[in-house]
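Contents: one structure, followed by commentary.
The values are calculated or read from the model by the stated rules, or taken from the named source; none is laboratory data. Please read these numbers as outputs of a predicted model, since none were measured by experiment. Reconstructed Cβ throughout: ideal geometry from the backbone, glycine too, with neighbour counts over all protein chains shown. For the accessible areas, the whole protein counts, side chains as well, though only heavy atoms, and no ligand, DNA or RNA atoms are used. Shrake-Rupley method; radii C 1.70, N 1.55, O 1.52, S 1.80 Å.
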Amino acid sequence: MYEVNHFVLEKIDELRGRGYKTALLSNSIREFRPKLEEDVPPRLFDAYIDSSHVGMRKPEPEELADAAAALDWLQQQNPDASRVLVAGFSFGAWICMQLLMRRPEISGFIAISPPANMYDFNFLAPCPVSGQIIQGTHDTIVETASVDKMVNRLNMQRGIKMDYVHVPGA
């Protein structure tokens, strides 16, 4: 079972209201798509990519290629954008961090509940940009201590400052 993080959805809606283009890359099964669309409305995103519709499941390398393709599309739609930001939740946070290491035009990121206790984030040395990391204090999947350790390592890098936000009760 899962719980919808309304804080994240509100932030996405806020970014769209400020003119940002957004994309969702979800790891799901075909039968779950109607429930996903009910809980995470497609209207919040300019591109809505569901792994079950493209024939993949995490952690396939093609998911990073899909994220890069979504970023390419967003940039084509916004050729005059002055900044490129990426964001991801859970495994999507790992994907967005991988993407920022490969795309020099990315100027910032938001990583929500990055699974530092499940995936290796050591590739972020050196991390090319500062960003925001959001972690729920009651997350039952991603251990807060593992995210704390990752943030501390990132903050030790020269010129990098992580805005680390704890969301009480999430």
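Note on the chain: helix-only mean residue ellipticity at 222 nm, from DSSP H runs of 4+ residues weighted -39500 (n - 2.57) and normalised by residue number, equals -11000 deg cm²/dmol. When you count the other C-beta atoms within 10 angstrom of each residue and take the mean per peptide, 127-140, 154-167 line up highest first as 127-140, 154-167. Counting only protein heavy atoms and a 1.4 Å probe, the chain has 58 square angstrom of accessible area per residue.
For the chain, which longest stretch is free of loop sites, where a loop site is one of the GluC sites (Glu not before Pro) that DSSP puts outside H, G, I, E and B and that has at most 12 other Cβ atoms within 10 Å? Between the exposed loop sites, the longest stretch runs 4-104. Taking every DSSP beta bridge that has both ends in the chain, the antiparallel portion is near 0%. Over 29 Å, how big is the tail of the calculated P(r) for the chain, in percent of all Cα pairs? In whole percent, the share of Cα-Cα pairs in the chain beyond 29 Å is 15. Across the accessible surface of the chain, with the other protein chains kept in place and a 1.4 Å probe, carbon and sulfur atoms take up 54 percent.
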